[in-house]
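Worksheet for the structure shown next.
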Amino acid sequence: MVTSSVPEQQVLTPAAVFDWLDEAAELRARAGLTRTLRSRPAEDPVLDLANNDYLGLVHHPAVTRAAADAVMRWGGGSTGSRLVTGTTELHTELERELAEFCGFEAALVFSSGYAANLAALTALTDPDTLIVSDAYNHASLIDGCRLSRSDVHRAPHSDPAAVAEALATRTHRRALVVSDTVFSVDGNAAPLAGLASAARAHGAALLLDDAHGFGVLGPGGTGAPAAAGLSGQPDVVATVTLSKSLGSQGGAVLGPRRVIRHLTETARTFIFDTGLAPAAVGAALGALRLLRAEPQRADRAREVARTLADRLTAAGLRASTPDAAVVSVRAPGPEAAVQWAADCRTAGLAVGCFRPPSVPDGISRLRLTARGDLTDDQISQAVEIVRAMEPVEE
Ligand SMILES: Cc1ncc(COP(=O)(O)O)c(C=O)c1O
């Protein structure tokens, strides 16, 4: 008789199958890491510095009108993968204008920035590729690395010399260096020139996630790769999200035409995903055209960020030095960060609350978005509310 080598399994009743989730929730609660959804009214009276609407465009009439027009013409959804149901002229226009604006040969739009990052990382790598990824990269880049089936080297944060060393000792045929251009937690910029020369010296491609640079950095908001003279280079690919500076939804990969063609034909998050909804495409196009017409919007977002950070620092808080539109303030721990964010809200200010696992260095923070449409009075109001929080202990 054949006996099974599988250990005897405890057969759970259907009602007990998910009991472990309650235990996991209890552990999160004890570590101060519970996350809850809060309802958001359409007319919220609080000053909102928690969102990523860097240029203050989400309610701009040119953006909402463009979204509404797109819905009336093309309907509520895209109806399927663009390879199956076809590509609207709206998608094509957005891709052409995005590429032109940021200085790349071509672009491909995805249903989110997350999907764009997964696409770039999985389609441009293989098991014979070494990916060198900054330790503080966004979760979508980390997930792209995991899905890539490549070897991944996690390089120390913002350290081109460490990147060069990892590339120099590789045995892989191909290599890809990947980094956020502006890190989402502290708002600090990546050393793009150093990363580009490290990549070039070792024949590696460079993938830059410009989610927080697009619309804010570079001439007229054309992005961090443009600011660093890297847009349009044959070995550089960038990703952007349409959900921050453009006040819409969706993402895009920008790069050499042959890269975009390869993604169109092979990227799973493009092929097996419904095309970006017409309303989002319309809103993004409306916002992009507005930014082209009013390039000073990008300068203003950076100016607001500097003013906000300077005033928070002058008030005795540990504010980051912003390279784009994100300012963070260190909190003593996750519970304090949650408490501070709740106290800010009670006082009329919405701020982001970043804590493990969303902070790579384990330091909990408040995160404030320096929106380009903030007035000087609103900046002062925000600083007054945050300074009323308990001071940070070392
Ligand atoms: C650096 C970075 N990359 C990618 C994304 C994902 O973009 P999306 O929200 O459009 O999926 C985000 C969003 O928060 C981000 O901060």
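Each reported figure results from applying straightforward, stated rules to the coordinates on display, with no laboratory input. If you're wondering where the values come from, they're calculated on a predicted model, not measured in any experiment. With ideal geometry, Cβ positions are generated from the backbone for all residues, glycine too; neighbour counts draw on all protein chains shown.
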Practice item. Provide the gained length on full extension for the span ARG174 to ARG318, in nm with one decimal, where the gain is 0.36 nm per separating residue minus the Cα-Cα distance. Key: 47.7 nm
Exercise for review: Only helical DSSP H runs with n ≥ 4 go in: add -39500 (n - 2.57) per run for the chain, normalise by residue count and round the 222 nm mean residue ellipticity to 500 deg cm²/dmol.
Suggested key: -12500 deg cm²/dmol
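Please give the net charge around LEU141, taking every other residue with its beta carbon less than 14 angstrom from that of LEU141, where Lys and Arg add +1 and Asp and Glu add -1.
Surrounding charge for LEU141 is -3.
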Revision key, fill the gap. The residues MET389, MET72, sorted from fewest to most surrounding Cβ atoms within 10 Å, come out as MET72, MET389
Exercise for review: Between VAL17 and LEU147, with labels modelled 7 Å along Cα→Cβ, what's the label distance in nm to one decimal, could you check?
Suggested key: 2.6 nm
Point to revise | For a label point 7 Å along the Cα-to-beta-carbon line of ARG261, residues of the range 122-149 with backbone N under 18 Å | key: 123-125
Study note, to complete from the structure: Per-residue Cβ contact counts at 10 Å, fewest first, order ILE379, ILE271 as ILE271, ILE379
Check your understanding: If you place +1 on the Cβ of every Lys and Arg, -1 on the Cβ of every Asp and Glu, and leave all else neutral, what size is the dipole of the chain about its Cα centre, to the nearest 20 Debye?
Key -> 600 debye
Review point. Listing VAL109, VAL359 from the residue with the fewest other Cβ atoms within 10 Å to the one with the most, what is the order?
Key: VAL359, VAL109
Review point. If packing is taken as the mean number of other Cβ atoms within 10 Å per residue, what is the order of 281-290, 205-214, 25-34, 311-320, highest first?
Key: 205-214, 281-290, 311-320, 25-34
Review point. What dipole magnitude, in Debye to the nearest 20, does the range 282-344 give about its Cα centre under +1 on Lys/Arg Cβ and -1 on Asp/Glu Cβ?
Key: 240 debye
Check your understanding: Once Lys and Arg get +1 and Asp and Glu get -1 on their Cβ, which of ALA161, GLY144, ASN188 lies farthest toward the positive end of the dipole of the range 142-189?
Key -> GLY144
